[in-house]
1. Scan region 175-190 and give yes if some residue there is touching a Phe, Trp or Tyr at 6+ places or on another chain (Cβ under 8 Å), more than 20 Å from I105 (Cα to Cα) and basic (K, R), otherwise no.
2. Taking the condition of being of a type in the set (S, T, N, Q), within 22 Å of F232 (Cβ to Cβ) and either within 15 Å of the chain's Cα centre (by Cα) or in a loop (DSSP other than H, G, I, E, B) (or both), how many residues in region 65-95 meet it?
3. Where in region 122-232 are there helices (runs of 4 or more DSSP H), lying fully within it, with 2 or more residues that are within 30 Å of T73 (Cα to Cα) and out of contact with any strand residue (DSSP E or B) (no Cβ under 6 Å at 6 or more places or on another chain)?
4. Quick check on region 81-115: of everything there that is of a type in the set (S, T, N, Q) and surrounded by fewer than 24 Cβ atoms within 10 Å (Cβ to Cβ), which residue is nearest to L35 (Cα to Cα)?
5. If I filter region 36-64 down to residues being in a loop (DSSP other than H, G, I, E, B) and modelled with pLDDT of 95 or more, which single residue comes out as surrounded by the most Cβ atoms within 10 Å (Cβ to Cβ)?
6. Could you check, for region 224-232, whether at least one of its residues is within 17 Å of the chain's Cα centre (by Cα) and at negative phi?
7. Does E120 satisfy being free of Cβ contacts under 8 Å to residues at least 60 places away in the same chain and not aromatic (F, W, Y)?
8. Do any residues in region 28-41 that are in contact (Cβ under 8 Å) with a residue 24 or more places away in the chain and of a type in the set (A, V, I, L, M, F, W, C) have Cβ atoms under 7 Å from those of residues that are surrounded by 13 or more Cβ atoms within 10 Å (Cβ to Cβ) and assigned to a helix (DSSP H, G or I), where the two are at least six apart or on different chains, and which pairs are they?
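The values are calculated or read from the model by the stated rules, or taken from the named source; none is laboratory data. Since this is a predicted model, take the numbers as computed values, not measurements. Cβ placement follows ideal geometry from the backbone for every residue including glycine, while neighbour counts extend to all protein chains displayed.
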Amino acid sequence: MNYKKLIAFIFLINIVIYNQIKPQTDSLRYLKNPLYLRTLEMYDSYKTKQADVIMLGNSLTNGANWNELLGRTNVLEMGIPSDILSGFLARIDYVFKFNPKIVFIMGGLNDIYNWTPVEEIFSLYVKLINKLKEKNITVVIQSTTYAARNWGKDYGGTPEINAGRNREVDKLNKLLSDFAKKNNIEFLDINSKLSRNGFLRDEVTWDGVHFKANAYKIWANEVDRILKKYKF
């Protein structure tokens with residue numbers, strides 16, 4: 001199984017699960033991801049001692065070489081495929097290890113497809129943001145993105161299921177956007193630039209969730225705009 005198929009398989013397991021039963025909250029669910037501890041071991045092996053910019057997220061963040069995308073040498077990609085917000089929090093010390101000046105966060109879709117209530121996801125997001133701000137790190141919240149209409153159709157996914165999950169994405173993004181405004185935090189609405197009629201646009205995704213190069217170019221332009229604004 002190649003790497004792209006592995007990422008898609010782990011994500012699609014969630015569709016099989018939520019078609020059968022809505023699982024109870026599990027604060028250690030992130031450890032059930034076989035890529036989680038493997039990636040933490042890699043963090044311990046990195047020769048990089050400091051990175052001004054960290055991209056923190058899941059497989060979407062993991063899917064690009066951000067230094068190449070942004071034309072920089074001071075960016076560290078810290079995305080783990082299939083990771084959830086509790087996983088982000090559990091590895092926050094690894095973020096601190098690299099002493100970043102600014103952290104871009106994108107997450108939440110895996111939580112939503114695990115049937116985690118939006119209010120709980122938002123609460124974890126706020127805890128994460130507060131921990132970063134305690135270290136005087138500039139935080140940028142990036143909107144959670146949609147699934148495409150036919151995401152997971154071979155595994156029980158339907159347009160109706162995906163539309164329902166995307167409505168949860170809307171709820172989360174509203175909470176995040178309002179929180180950002182109230183607390184003078186940058187909010188990048190990547191989702192609106194990649195979606196149409198309540199779904200991720202087919203032309204920007206190779207499987208219904210994960211991005212093609214054209215989507216990363218759009219995303220990178222927004223990140224670059226913020227980095228220039230803050231003179232990083």
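1. We begin by selecting, within region 175-190, every residue touching a Phe, Trp or Tyr at 6+ places or on another chain (Cβ under 8 Å); these are 175-177, 179-181, 185, 188, 190.
The next check asks that each one be more than 20 Å from I105 (Cα to Cα); those that pass are none.
No - not one qualifying residue is present in region 175-190.
2. Just the residues of region 65-95 that are of a type in the set (S, T, N, Q), to begin with: 65, 67, 73-74, 82, 86.
Then keep just the ones that are within 22 Å of F232 (Cβ to Cβ); that gives 65, 67, 73-74.
Of the ones still in play, those that are also either within 15 Å of the chain's Cα centre (by Cα) or in a loop (DSSP other than H, G, I, E, B) (or both) are 65, 73-74.
The total comes to 3.
3. 190-194, 213-229
4. Keep residues of region 81-115 that are of a type in the set (S, T, N, Q), which gives 82, 86, 99, 110, 114.
Then drop every residue that is not surrounded by fewer than 24 Cβ atoms within 10 Å (Cβ to Cβ), which leaves 86, 99, 114.
Working: S86: 15, N99: 24, N114: 17 Å.
Applying the filter and picking the extreme gives S86.
5. Going residue by residue through region 36-64, those that are in a loop (DSSP other than H, G, I, E, B) are 46-52, 58, 63-64.
Next, only the ones that are modelled with pLDDT of 95 or more stay: 50-52, 58, 63-64.
On the way: Q50: 11, A51: 24, D52: 16, N58: 26, G63: 20, A64: 20.
Out of the qualifying residues, it is N58.
6. If we filter region 224-232 for residues that are within 17 Å of the chain's Cα centre (by Cα), which is where we start, we get none.
Looking for residues that are within 17 Å of the chain's Cα centre (by Cα) and at negative phi, one finds none in region 224-232, hence no.
7. Numbers: free of Cβ contacts under 8 Å to residues at least 60 places away in the same chain: no; not aromatic (F, W, Y): yes.
Answer is no for this residue.
8. L40/Y94
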